[in-house]
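The values are calculated or read from the model by the stated rules, or taken from the named source; none is laboratory data. What you see is a predicted model; the values in this text were computed from it and never measured. All Cβ positions, even for glycine, are placed from backbone atoms using ideal geometry, and neighbour counts span all protein chains on display. Side chains included, ligands, DNA and RNA excluded: accessible areas come from the protein's heavy atoms. Shrake-Rupley method; radii C 1.70, N 1.55, O 1.52, S 1.80 Å.
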Amino acid sequence: MKFFVAVLIIAAACIVGAEGHPHADSEGHHVRTKQQWVLERHRERAHHKMPRSADVIQANDDTFGETACFDDHIINFLKTNNIPGGAAAVMKDGNIVYAQGYGSRDVPGIGDDENRPAEQCTTFRIASISKSVTALSILRMVEADLLSLDDKVFAPGGILDYYQDPENLYDCCPVVDNRINDITITHLLQHSGGWDRRITVDYTYKSDMVVDKLGVEAPATCEDIIYFMLGEPLQHTPGTEFAYSNIGYCILGEIIKEVTGMDYEDAVRQYLLDPAGVSHNEMYVGATLLEDQPENESEYYEPQMVESVFPDVTEPVPRPYGGWYHEARFGQGAWVASAPQLLQMMSKTAPSQCNDDCLFSDESIDALTGKPSYTSDDALKWYGLGFNINNYGNWWHDGSLPGTTSIIIHQPNTGYVFALLLNSRDFDERPSPTLWDALKCVEDDWPEEFETTCEIP
């Protein structure tokens with residue numbers, strides 16, 4: 001059986017509003033805001049777990065005999081793990097050969113419970129796959145001579161040196177570790193900037209701590225978190241050790257804004273997504289609150305209720321909709337996409353997909369896939385520039401947020417790319433074995449009559 005790779009994206013999203021206080025209608029009667037209604041529904045589910053229609057999960061787009069076993073594997077995984085729904089897509093040699101939606105994009109207790117089907121073009125939060133988007137955008141800016149991978153970030157003359165200007169620093173947080181001056185763009189891309197959340201905490205999730213210390217308005221922005229971090233010591237010398245770092249990609253997002261003079265999302269579109277032919281409607285930086293998300297975006301399942309980062313919301317909220325400030329995570333984890341649009345981005349990025357129509361030079365791809373200087377010569381896998389890499393030449397990145405599980409994989413040896421997004425992470429079974437079984441069962445025999453219905457040029 002010929003081994004191959006596919007792109008599968010299953011996800012869903014669930015967002016909660018932020019008003020949170022009753023108000024009177026025109027006749028003086030108290031009415032519930034959308035926020036309160038959602039909270040009440042979610043509390044009901046917390047006390048009496050609602051079924052999520054696992055018995056009716058099915059493929060929602062056109063189906064084909066060749067991909068029936070593929071669909072069966074994914075559907076069974078969703079049913080077994082009580083996951084509301086998702087979407088899948090497969091790319092071979094630059095062409096999308098299959099895409100499918102499964103189950104529902106709606107989550108019981110969130111929104112209006114319309115039970116809308118998840119379709120191939122439904123969009124989902126992709127969590128830390130956003131880091132790959134940021135890294136590819138940085139590489140495009142390197143090729144445009146806007147910056148260099150060796151550029152210093154905070155040192156005098158560095159791209160963000162104004163963060164150390166005494167007039168900008170907060171009294172609470174003077175720079176306490178001079179090694180901050182040694183950090184380069186490459187260090188941030190490779191998660192070797194010196195911060196280690198295994199030793200301290202991930203301050204990008206500690207809005208209340210940042211707000212209290214800086215004395216700024218809640219919720220904390222990426223810029224606020226950077227100022228806060230300058231007052232904390234590094235755990236490692238930059239460039240000497242891998243430690244997965246959300247703050248590093250928060251900083252990279254600010255670098256993109258600084259070197260382009262543009263909003264982060266606009267800059268990423270101009271330098272990466274528009275040249276790759278990616279739709280604005282099916283790939284964008286997401287929002288925290290339910291009322292701020294587009295109609296086509298899914299909802300996210302997560303049973304935990306937490307205190308909201310928005311100070312005017314006084315009751316607990318479902319964690320995906322106020323447990324963190326999603327907009328502040330633009331460089332590290334805030335992108336939303338449909339499965340086919342992620343593949344469209346890769347169609348102009350991965351050499352096995354783009355052939356002579358690639359956005360990146362061989363030099364950039366070598367930098368992306370190369371081993372960091374601190375990695376041993378016999379290492380079997382490492383983190384390159386925005387992707388995990390192994391000695392077989394595969395690239396991949398996964399993502400995880402409350403309500404979201406995601407993965408995208410590029411396998412050059414077979415010419416396939418695949419990704420997976422789930423609208424829950426409230427399960428223990430790893431999805432990758434099921435995904436591989438689904439891919440192998442097709443035996444490289446994809447339906448010739450398939451055409452994606454998404455906005456693909």
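Couple of notes before you dig in:
- Failed item in (1) surrounded by fewer than 19 Cβ atoms within 10 Å (Cβ to Cβ); (2) touching a strand residue (DSSP E or B) at 6+ places or on another chain (Cβ under 6 Å); (3) small (Gly, Ala, Ser), with residue 239 passing the rest: (2)
- Options 261, 231: the member that is small (Gly, Ala, Ser), in contact (Cβ under 8 Å) with a residue 60 or more places away in the chain and either in contact with a His (Cβ under 8 Å, 6 or more places away or on another chain) or closer than 28 Å to residue 155 by Cα (or both): 231
- Looking only at residues in region 73-106 that are of a type in the set (D, E, K, R) and in contact (Cβ under 8 Å) with a residue 60 or more places away in the chain, the one that is surrounded by the most Cβ atoms within 10 Å (Cβ to Cβ) is 105.
- Counting only helices (runs of 4 or more DSSP H) that sit completely within region 168-264, those holding 3 or more residues that are among the charged types (D, E, K, R) correspond to 207-214, 246-260.
- Within region 107-124, considering residues that are open to solvent by less than 10 Å² (accessible area, probe 1.4 Å) and touching an Asp or Glu at 6+ places or on another chain (Cβ under 8 Å), the one farthest from residue 291 (Cα to Cα): 120
- Candidate set from region 126-171 (those that are crowded, with 17+ Cβ neighbours inside 10 Å and among the small types (Gly, Ala, Ser)); member that is farthest from residue 340 (Cα to Cα): 155
- Boolean, residue 268 is at pLDDT 95 or above, buried (at least 18 other Cβ atoms within 10 Å of the Cβ), in contact with an Asp or Glu (Cβ under 6 Å, 6 or more places away or on another chain) and assigned to a helix (DSSP H, G or I): no
Quick grid of which residues meet (1) outside any loop (DSSP other than H, G, I, E, B); (2) open to solvent by 50 Å² or more (accessible area, probe 1.4 Å):
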{"residue": "294", "(1), (2)": "no, yes"}
{"residue": "299", "(1), (2)": "no, no"}
{"residue": "308", "(1), (2)": "no, no"}
{"residue": "313", "(1), (2)": "no, no"}
{"residue": "324", "(1), (2)": "no, no"}
{"residue": "328", "(1), (2)": "yes, no"}
{"residue": "332", "(1), (2)": "no, no"}
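- Inspection of region 277-288 identifies at least one residue that is of a type outside the set (A, V, I, L, M), farther than 25 Å from residue 354 by Cβ and within 16 Å of the chain's Cα centre (by Cα).
- Filter result (in contact with a helix residue (DSSP H, G or I) (Cβ under 9 Å, 6 or more places away or on another chain) and open to solvent by 50 Å² or more (accessible area, probe 1.4 Å)) within region 173-198: 174, 176, 197
- Contact map, region 210-223: residues that are touching a residue at least 40 places away in the same chain (Cβ under 8 Å) paired with residues that are among the polar types (S, T, N, Q), Cβ distance under 7 Å, separation 6+ or inter-chain. Pairs shown: 218/207; 219/207; 220/207.
- Residue within region 243-255 that is charged (D, E, K, R) and either open to solvent by 30 Å² or more (accessible area, probe 1.4 Å) or touching a Ser or Thr at 6+ places or on another chain (Cβ under 7 Å) (or both) present: no
- Applying the set (1) open to solvent by 50 Å² or more (accessible area, probe 1.4 Å); (2) part of a helix (DSSP H, G or I) to residue 340 leaves exactly one unmet item: (1).
- Of the criteria (1) of a type in the set (A, V, I, L, M, F, W, C); (2) in contact (Cβ under 8 Å) with a residue 24 or more places away in the chain; (3) farther than 20 Å from residue 435 by Cα, which one residue 379 fails: (2)
- For region 430-457, the tally of residues that are within 22 Å of residue 388 (Cβ to Cβ) and open to solvent by 80 Å² or more (accessible area, probe 1.4 Å) stands at 1.
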